[in-house]
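> Please read through the structure below; I'll follow up with questions.
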Amino acid sequence: MRRRWWYGLLSLLALILSGCGGVQSGQQAVCTAETFTPNYVPRLERLLHWSGFPVSVYFVRDANYTELRQSFALQGFDQWVERSEMKIRYRLVDSQERAQIVVHFDPTTRDGLTEYTFRTNGQLVSATISIGVKGNSAVDIRSVAAHEFGHALGIGGHSDNPEDMMYPTFISGIPLQITERDFNTLKTAYCNLFMEGDASRAIPPDETLLHFTIRCGE
Ligand SMILES: [Zn+2]
């Protein structure tokens, strides 16, 4: 009886330390909407993830490509890299075939768009980001790129708080910043990267591919 009491106490301690509601001793921890708060996980249509980092990124060299636009876009992507202390990171590749995330610029709009292919277990296979560059504003290209990269990293939906980077619309000329809610939402998708200890995700093998598109802006 004495022994059972100790096990009970240890399980309770493990539960408190893990920070994951509902996780019992001996099971793998999986992050829920209660793990990293505040967040907007419950509002999302999907919360997806890449199997590991760095993810490979390719910028399409079409008529809308310029090195300057790429450098502004990368400054946007880098906001996530810096905020995650390099746990989230990417590498540039020189061919579309070798890329997990393909990026191109669209001069007909200021808004962005992200398309995904993913498995039913939530693991991303590929993503395509379109960054609106109408107006050619460095601030806006950076902001739209950061927002769309947030989608491409797995945030499948939008925040309902206008202060968050992942709110669907933005005000031209005002730089978007990653908020605590934005970052906690992303962290929930990468439990194994952002939690101490054995927090690896149990992912059943799954070959079914699904597609999903997020349109941003009006
Ligand atoms: Zn969006």
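> What number goes with the only condition from (1) more than 16 Å from the ligand (Cβ to nearest atom); (2) in a strand (DSSP E or B); (3) at pLDDT below 95 that T117 does not pass?
For T117, the exception is condition (3).
> Working carefully through the options F194, F212, find the one that is within 13 Å of the ligand (Cβ to nearest atom), modelled with pLDDT under 95 and in contact with a Phe, Trp or Tyr (Cβ under 8 Å, 6 or more places away or on another chain).
Step by step, each of F194, F212 is checked, and only F212 is within 13 Å of the ligand (Cβ to nearest atom), modelled with pLDDT under 95 and in contact with a Phe, Trp or Tyr (Cβ under 8 Å, 6 or more places away or on another chain).
> Also: If L124 passes every condition in (1) within 12 Å of the ligand (Cβ to nearest atom); (2) under 16 Å from Y90 (Cβ atoms) but one, which one does it miss?
Of the numbered conditions (1) within 12 Å of the ligand (Cβ to nearest atom); (2) under 16 Å from Y90 (Cβ atoms), the odd one out for L124 is (1).
> Let me ask something else. Restricting attention to the stretch 47-78, which residues are part of a helix (DSSP H, G or I) and surrounded by 14 or more Cβ atoms within 10 Å (Cβ to Cβ)?
Listed by number, the residues that qualify are R69, Q70, F72, A73, L74, Q75, G76, F77, D78.
> Limited to the stretch 134-174, what total is found for residues that are assigned to a loop (DSSP other than H, G, I, E, B), more than 13 Å from the ligand (Cβ to nearest atom) and under 15 Å from G112 (Cα atoms)?
Within the stretch 134-174, residues that are assigned to a loop (DSSP other than H, G, I, E, B), more than 13 Å from the ligand (Cβ to nearest atom) and under 15 Å from G112 (Cα atoms) number 6.
> Report yes if T120 is buried (at least 20 other Cβ atoms within 10 Å of the Cβ), touching a residue at least 60 places away in the same chain (Cβ under 8 Å), among the β-branched types (V, I, T) and under 18 Å from H49 (Cβ atoms), otherwise no.
No.
> Being crowded, with 19+ Cβ neighbours inside 10 Å and modelled with pLDDT of 95 or more is the requirement here; does E148 meet it?
Answer is yes for this residue.
> Something else now. Please verify whether the stretch 97-110 includes one or more residues that are in contact with a helix residue (DSSP H, G or I) (Cβ under 9 Å, 6 or more places away or on another chain) and under 21 Å from E163 (Cα atoms).
Scanning the stretch 97-110, I find at least one residue that is in contact with a helix residue (DSSP H, G or I) (Cβ under 9 Å, 6 or more places away or on another chain) and under 21 Å from E163 (Cα atoms), so the answer is yes.
> Further, regarding this structure: State all residues of the stretch 26-46 that are surrounded by 14 or more Cβ atoms within 10 Å (Cβ to Cβ), assigned to a helix (DSSP H, G or I) and not basic (K, R); if no residue qualifies, say none.
Correct list: V41 only.
> Give me a count of the residues in the stretch 169-185 that are over 21 Å from T37 (Cβ atoms) and out of contact with any helix residue (DSSP H, G or I) (no Cβ under 9 Å at 6 or more places or on another chain). Steps first, please.
Pass one, the stretch 169-185, residues over 21 Å from T37 (Cβ atoms): 169-176.
Keeping just the survivors that are out of contact with any helix residue (DSSP H, G or I) (no Cβ under 9 Å at 6 or more places or on another chain) gives 169, 171.
Count: 2.
> Restricting the first residue to the stretch 207-218 and requiring it to be at positive phi, which pairs with a second residue that is among the hydroxyl-bearing types (S, T, Y) and more than 12 Å from the ligand (Cβ to nearest atom) meet a Cβ separation below 9 Å and a spacing of at least six or different chains?
Every condition considered, the pairs that remain are G217/T109.
The values are calculated or read from the model by the stated rules, or taken from the named source; none is laboratory data. Note that the structure is predicted; figures quoted are calculated from it, not measured. With ideal geometry, Cβ positions are generated from the backbone for all residues, glycine too; neighbour counts draw on all protein chains shown.
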